[in-house]
Amino acid sequence: MQTLINIIVTLGLLFWASGVMFSPMMLGAPGAANRLGTWWFYIILFLTPVVIFALYWIFGGQFWGITGDALTKGFLILFVAAMLFFNVPLSMWNIYKGISNDGYSVKSQGVYYKGALIDGADGNSFTEFSEEQQGFYADNYARDAKYLYYNNKRVADADPDT
């Protein structure tokens, strides 16, 4: 019976690994990084083996000769590393605060690009360029009363009015 359970878990982990491998593509969808459901999916996806091997640990089972406690601890370390690598806690916190994880956002006079504060940007006069306004690909450009920005960087010696 233990061998059958191990085979089933092994097959499940193969599907899990492919899901983990392709999961960063999820954030490429428009607005996906600003939905809590996306981040909860990441948490559940990456936590799955921890739960499976915790059950092995609780019931005293072994997965192909490796104890459940060793696998639980190992996958828990991988889980924490993945959450930090994908910046999940900060991204979820930004969503709760109303700060966009994609592009620019203005919140409480502060200006943010992909969730990071842009020092010195004026939130009262801040505007993003759009393709329709400029006639070229301008999605990452923005301006305030004094400066022009590309992504989160000031463009040196650029006049924001021209």
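The values are calculated or read from the model by the stated rules, or taken from the named source; none is laboratory data. Treat the numbers as computed from the prediction; the structure is a model and nothing was measured. Just the protein is used for accessible areas: all its heavy atoms, side chains included, with ligands, DNA and RNA removed. Shrake-Rupley method; radii C 1.70, N 1.55, O 1.52, S 1.80 Å.
Taking all protein chains into account, the per residue accessible area for the chain stands at 62 Å² (1.4 Å probe). Heavy-atom surface analysis with a 1.4 Å probe gives region 1-134 a carbon and sulfur content of 70 percent of its accessible area. Adding -39500 (n - 2.57) for every DSSP H run of four residues or longer, then dividing by how many residues the chain holds, sets the calculated 222 nm ellipticity at -15500 deg cm²/dmol.
Over the chain, with a Gaussian network built from C-alpha contacts below 10 Å, which listed residue (L55, L76, L27) shows the highest mean-square fluctuation? Highest fluctuation of the listed residues: L55. With the convex hull drawn around the C-alpha atoms of region 13-78, the volume per residue stands at 82 Å³. Membrane-span-like helices in the chain, defined here as complete DSSP H runs extending at least 20 Å along the helix axis by their C-alpha atoms with mean Kyte-Doolittle hydropathy no lower than -0.5, are 2-22, 36-58, 68-85; this is a sequence and geometry rule, not a statement about a membrane.
Summarising the amide proton neighbourhood of Y104: residues at separation of 5 or more, or on other chains, whose placed amide H is nearer than 5 Å comprise K114. Coupling constants for region 146-151 follow from the phi torsions by the Karplus curve (6.51 cos²θ - 1.76 cosθ + 1.60, θ = phi - 60°), and in residue order they are 10, 10, 9, 10, 10, 6 Hz; glycine and proline get x.
Normalised by 2.2 N^0.38 Å, with N the number of residues, the alpha-carbon radius of gyration of the chain equals 1.47.
Is region 64-106 best put as rounded, prolate or oblate by its Cα gyration tensor, with a ≥ b ≥ c the root eigenvalues, rounded for a/c under 1.5, and otherwise prolate when a/b is larger than b/c, oblate when not? Since a/c reaches 1.5 and a/b is larger than b/c, the shape of region 64-106 is classed as prolate.
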